[in-house]
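Below is one structure; the comments refer to it alone.
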Amino acid sequence: MSSVQYSIFSLLRNAVRDNRGWTPAWRKATPAPRYDVVIIGGGGHGLATAYYLARHYGMRNIAVVERGWLGNGNIGRNTTIIRSNYLLPGNLPFYEKSMMLWEGLEQDINFNAMVSQRGVLNLIHSDAQRNAYARRGNAMRLHGIDAELLDARAVREKLPFLDFDNARFPILGGLLQARGGTVRHDAVAWGYARAADRLGVDIIENCEVTGLRIEGGKISGVETTRGIIAAGKVGMACAGRSSQVAAMAGLRLPIESHVLQAFVSEGLKPFIDCVVTFGAGHFYVSQSDKGGLVFGGDIDGYNSYAQRGNLPLIEDVCEGAMALMPRIGRVRLLRQWGGIMDMSMDGSPIIDRTPVDGLYLNAGWCYGGFKATPASGLCFAHLIARDEPHPVGTAFRLDRFARGAVIDEKGMGAQPNLH
Ligand SMILES: Cc1cc2nc3c(=O)[nH]c(=O)nc-3n(C[C@H](O)[C@H](O)[C@H](O)COP(=O)(O)OP(=O)(O)OC[C@H]3O[C@@H](n4cnc5c(N)ncnc54)[C@H](O)[C@@H]3O)c2cc1C
C-alpha cells in the first residue's frame with residue numbers, strides 16, 4: 001500500500017467520504033535480511049538521512065530501525081525552535097544551510113510542518129552582552145545571514161510586557177534573526193518518514209539495535225530485537241543514546257547524556273509573536289498556535305538516560321520566566337516532559353566516519369539539534385553515500401577533540417551545563 005499524496009483534491013475527496021479514505025502515512029515495514037544502508041534511530045536526523053540518501057544520492061535499499069515508535073525521542077520532545085544565529089565558521093554555513101532547507105521543506109516533502117518564521121530575539125542585559133551580540137550579528141551578516149541589533153526602545157515596542165527595568169536584569173536591547181522561528185516538531189518526523197517511505201525506505205519500528213556485527217574491521221550488520229540484519233553501511237543517529245550504541249563497536253565518545261525538560265502552559269490569548277530568549281539566565285519562550293506558552297531552560301545537571309526531569313530545574317526555569325515576564329506568575333502549567341540530550345564536550349555536533357569501516361556517526365547535538373535536522377540529514381547522507389564530508393559539514397570531525405580543534409560556540413568551556 002503506497003502512502004497518500006496530499007493535495008487539495010485528496011482533501012476534498014476524503015472530506016466528502018467522511019475521511020475514511022486516508023491510508024497510513026508510512027508502511028509498517030518488517031526487516032529484510034539485508035540492506036545497503038541501515039540507519040539506527042528513527043528520530044529527525046535518522047529519518048532525514050534516509051530521505052536524502054534516497055532523494056539525492058539515488059540509494060533505495062535503506063532501512064531505518066527504531067527501538068520504540070517513530071518520533072518517541074527528542075524529535076517529538078523539543079521546543080521547536082529553528083535559527084541560524086551562530087558565531088563560529090564551522091557552524092555558520094551549516095546552520096544556514098539548514099535554515100534554507102527548512103524554507104523549502106514543506107514543498108520538498110509534500111507535508112505541512114507548520115514552518116513559522118516568526119523571528120528569534122535574544123535579549124541583551126549588559127554592555128558586554130551587547131558587544132558579544134553585535135559581534136555575532138556581524139559574523140552572521142558576513143555570511144549572508146539576516147541579523148538585526150535592536151535597542152531597548154525597539155524591543156519595548158515589540159514586546160511591551162517584558163520587565164525592562166528589572167534591577168538585576170535590565171533589558172538593553174536584543175539580537176533579532178527575523179528568519180528564525182518554529183516548526184511543528186512531530187510533523188517533521190512524520191513528513192520525513194512519509195517522504196522516505198514513498199522512495200522505498202523501510203521504516204522499522206519497535207526494533208532495537210542490541211549489537212553491531214564487525215568483521216575484519218568492517219561493519220557487516222546489526223543485531224536487533226527482531227533479528228540480525230546484514231548491512232553494507234550503518235549510520236548511527238541515536239541522539240541521547242549515542243554513547244550506548246557506539247559502545248557496541250567498542251567506541252568511547254566525547255559525549256555525556258543529560259536530561260533537558262520542556263514545558264507548556266495553559267492556552268492564553270496571543271501575546272508573544274516571536275521566540276524570546278532571556279540573556280541573563282537560561283530561559284526561552286514562544287507561544288504555540290493553540291495559545292500555550294512553550295518554554296524551557298537549562299539541562300537538569302546530572303547524567304541520565306531517563307526521559308523525565310526533576311523539580312529543582314522546574315523551579316529554576318520558572319524563576320527565569322518570572323524575571324523576564326512577571327505577568328505570567330499566575331499562569332498554570334499544563335504539561336512538562338524531558339528528553340535525553342547527547343551533550344558534546346564543545347557544544348557542537350559530530351558527523352563523521354568512525355574507526356570501523358562502513359560505520360558512521362551523527363551525534364553531539366546537545367539541545368540544538370532540531371534546527372539542524374534537514375542539514376544534518378543531508379550531510380550525513382552525503383557522508384554515507386560518498387564517504388567524504390558534505391561541503392557545509394566539514395568541521396564536525398570526531399578527532400577534533402584529540403586535535404584540540406574544538407568548536408566552542410559559546411566560549412564557555414567543556415562542561416555540558418555551560419553550553
Ligand atoms: C526538551 C527539549 C527541548 C529542545 N528544544 C530544541 C529547540 O528548541 N531547538 C533545537 O534546535 N533543538 C532542540 N532540542 C534538541 C533536539 O530535539 C535534538 O538535538 C534532536 O532532536 C536530536 O536528533 P533526533 O531528532 O534524531 O533525536 P531523537 O528523536 O532522540 O532520535 C534518536 C532515536 O534513536 C533511537 N534509538 C536509540 N538507541 C537505539 C537503538 N539501540 N536501536 C534503535 N533505535 C535507537 C531513539 O529511540 C530515538 O528515537 C530540544 C531537546 C529537548 C529534549
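Bear in mind that the values in this text are calculations on the coordinates, not laboratory data. Computed from a predicted structure; not experimentally measured. Because the Cβ atoms are built from the backbone with ideal geometry, glycine has one as well, and the counts that use them run over all protein chains shown.
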Legend entry - Sequence of 238, 207 once ranked by neighbouring C-beta atoms within 10 Å, starting from the fewest: 207, 238
Legend entry - Nearest-ten-degree value, helix 44-56 long axis tilted from longest Cα axis of the chain: 60
Legend entry - Neighbour-count order for 371, 97, fewest beta carbons within 10 angstrom listed first: 97, 371
Legend entry - Estimated translational D of segment 124-271 in µm²/s (Stokes, Kirkwood radius over Cα pairs; 10 °C; 1.306 mPa s): 76
Legend entry - In degrees, nearest ten, helix 127-142 long axis to first principal axis of the chain (Cα): 40
Inset, instruction - Quickly estimate the mean residue ellipticity at 222 nm for the chain, helices only: each DSSP H run with n ≥ 4 gives -39500 (n - 2.57), and the total goes over all residues, rounded to 500. - result: -8500 deg cm²/dmol
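Taking the Cβ of each residue in 161, 396 as the centre, tally the other Cβ atoms inside 10 Å and list the residues starting with the fewest.
Numbers: 161 13, 396 27.
Fewest-to-most ranking of 161, 396: 161, 396.
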Legend entry - Coordinate range along principal axes, alpha carbons of segment 167-221, Å, largest first: 62, 32, 20
Inset, instruction - Enter the per residue convex hull volume of segment 63-125, computed from alpha-carbon coordinates, in Å³ rounded to the nearest integer. - result: 154
Inset, instruction - May I ask for the angle, rounded to the nearest 10°, between helix 185-198 and the longest principal axis of the chain, with both axes built from Cα atoms and the value confined to 0 to 90°? - result: 20
Legend entry - Using alpha carbons only: equivalent-ellipsoid semi-axes of segment 285-419, gyration tensor based, whole Å: 34, 17, 13
Inset, instruction - Using just the alpha carbons, could you tell me how many Å³ per residue the convex hull of the chain encloses? - result: 144
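Roughly speaking, what is the stretch gain from residue 7 to residue 408, that is 0.36 nm per residue apart minus the C-alpha to C-alpha distance, in nm to one decimal?
On the way: separation 401, 0.36 × 401 = 144.36 nm, distance 4.43 nm.
Answer, rounded to one decimal: 139.9 nm.
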